Amino acid sequence: MTMKVVLLLLLALHSATANLLDTSIVFPLTRNVCPTGAFFTTTIEIGKPSKPFELLIDTGSILTWVQCYEPSEHDDMDLIQQVTGHCLSDGERGGFLFLGDDLVPASGVSWMPITKNPKKEYLLGPADLLFDELPTQVNRLQFIFDSGASYSYLGQPSYDYTLDQINKNLEGTPLKESEPEVGLPVCWGFEKTHISSFNEIKNYFKKLTLSFITIPHVKLDLPLPAYLTLVNGKVCLGIQDGDSAELENPNIIGAISMQNKLMIYDNVNHRIGWISRNCNIPLMA
């Protein structure tokens with residue numbers, strides 16, 4: 001009888017696709033938006049004889065799950081620090097996942113302490129939303145950092161306010177509201193031509209920024225590809241209504257907003273860090 005069991009990712013040492021450092025493990029990632037709806041996945045091989053498992057990179061879950069026939073003891077081997085991270089690409093390469101602290105930069109990382117919560121989620125805040133570096137009415141929000149969510153979410157009334165600011169900024173431009181796409185209710189497009197790159201629309205949208213209140217100068221920048229997505233010749237909003245989705249915490253930073261950033265989940269010091277990085281380049285470059 002099959003059953004789900006908790007599996008420590010240390011077992012991924014058996015993976016033929018992983019790069020091993022002194023105290024870290026690095027896995028290449030692939031983008032797999034359709035048909036699974038997952039942005040980034042990696043494959044590891046587990047067991048003897050080994051069996052491949054395709055795993056969704058989901059920081060919204062505190063456990064790693066696979067299907068197996070018998071549970072085995074999931075002990076601390078002291079092989080790596082309790083630090084994990086990923087670099088999610090917005091290009092053809094999926095980026096990479098890493099376990100251990102070898103890839104953590106010595107400087108330049110923005111760090112925020114994880115807010116203690118009973119579910120042990122990666123919760124950060126409070127944070128204010130800036131629109132083109134200017135203050136907005138969206139403030140003091142707590143965000144779950146969940147790479148298993150393809151898109152980001154805002155609860156009400158923050159979602160409606162943010163969408164209203166974007167639409168006001170589009171007034172008088174060639175971009176008009178367009179038919180929604182599956183899973184993407186808000187889209188815009190040109191009347192006669194298709195949108196094929198962000199360069200074609202970069203003058204019509206503004207950068208969003210999360211400014212964290214408790215530590216000065218700690219910000220999470222959200223350029224266009226971090227909150228917009230190109231689908232079928234249109235541009236669609238990659239931020240969705242968390243209340244309509246009936247989320248317990250309606251404010252989520254999903255995979256779309258983590259692209260081109262080295263995201264670090266430091267479970268030793270109970271903090272999350274990020275730094276801009278080209279995730280398309282080779283793993284160890």
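Filtering the range 215-226 to residues that are touching a strand residue (DSSP E or B) at 6+ places or on another chain (Cβ under 9 Å), open to solvent by 10 Å² or more (accessible area, probe 1.4 Å) and farther than 24 Å from Lys176 by Cα leaves Ile215, His217, Val218, Lys219, Asp221.
Yes/no matrix, rows are residues, columns are (1) touching an Asp or Glu at 6+ places or on another chain (Cβ under 9 Å); (2) of a type in the set (S, T, N, Q):
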{"position": "Glu133", "(1), (2)": "no, no"}
{"position": "Tyr151", "(1), (2)": "no, no"}
{"position": "Gly189", "(1), (2)": "yes, no"}
{"position": "Thr193", "(1), (2)": "yes, yes"}
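Beta carbons closer than 7 Å, at least 6 apart along the sequence or on distinct chains, pair a first residue in the range 257-274 that is over 17 Å from Lys120 (Cβ atoms) with a second that is open to solvent by less than 40 Å² (accessible area, probe 1.4 Å) and of a type in the set (Lys, Arg) for Trp274/Lys261.
Listed here are the strands (runs of 3 or more DSSP E) enclosed by the range 25-132 that have at least 1 residues being at pLDDT 90 or above, open to solvent by 30 Å² or more (accessible area, probe 1.4 Å) and under 30 Å from Thr209 (Cα atoms): 83-88, 110-113, 123-131. Determine whether the range 250-259 contains at least one residue that is modelled with pLDDT under 95 and assigned to a strand (DSSP E or B). Yes, the conditions are met somewhere in the range 250-259.
Residues are listed down the side, and each one gets a yes or a no for (1) crowded, with 18+ Cβ neighbours inside 10 Å; (2) more than 14 Å from the chain's Cα centre (by Cα); (3) of a type in the set (Gly, Ala, Ser):
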{"position": "Leu228", "(1), (2), (3)": "yes, no, no"}
{"position": "Gly233", "(1), (2), (3)": "no, yes, yes"}
{"position": "Ile239", "(1), (2), (3)": "yes, no, no"}
{"position": "Ser244", "(1), (2), (3)": "no, yes, yes"}
{"position": "Ser257", "(1), (2), (3)": "yes, no, yes"}
{"position": "Asn260", "(1), (2), (3)": "yes, no, no"}
{"position": "Val268", "(1), (2), (3)": "no, yes, no"}
{"position": "Ile272", "(1), (2), (3)": "yes, no, no"}
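When the range 228-260 is limited to residues that are in contact with a Ser or Thr (Cβ under 6 Å, 6 or more places away or on another chain) and not hydrophobic (A, V, I, L, M, F, W, C), the one that is farthest from Ile57 (Cα to Cα) turns out to be Lys234. For the range 83-91, the criterion of a residue being more than 25 Å from Leu224 (Cβ to Cβ) and within 18 Å of the chain's Cα centre (by Cα) is satisfied by at least one position. Candidates in the range 133-149 are the residues that are of a type outside the set (A, V, I, L, M, F, W, C) and not in a strand (DSSP E or B); of these, the one that is least open to solvent (accessible area, probe 1.4 Å) is Ser147. A Cβ distance below 9 Å, combined with a sequence gap of six or more or placement on separate chains, defines the contacts here; from the range 192-214, residues that are on the phi > 0 side of the Ramachandran plot and crowded, with 16+ Cβ neighbours inside 10 Å reach no residue that is basic (Lys, Arg) and part of a loop (DSSP other than H, G, I, E, B).
The values are calculated or read from the model by the stated rules, or taken from the named source; none is laboratory data. In this text, all values refer to a predicted model and were calculated from it rather than measured experimentally. Virtual Cβ from ideal backbone geometry, glycine too; neighbours counted across all protein chains shown. Accessible surface areas use protein heavy atoms only, side chains included; no ligands, DNA or RNA. Shrake-Rupley method; radii C 1.70, N 1.55, O 1.52, S 1.80 Å.
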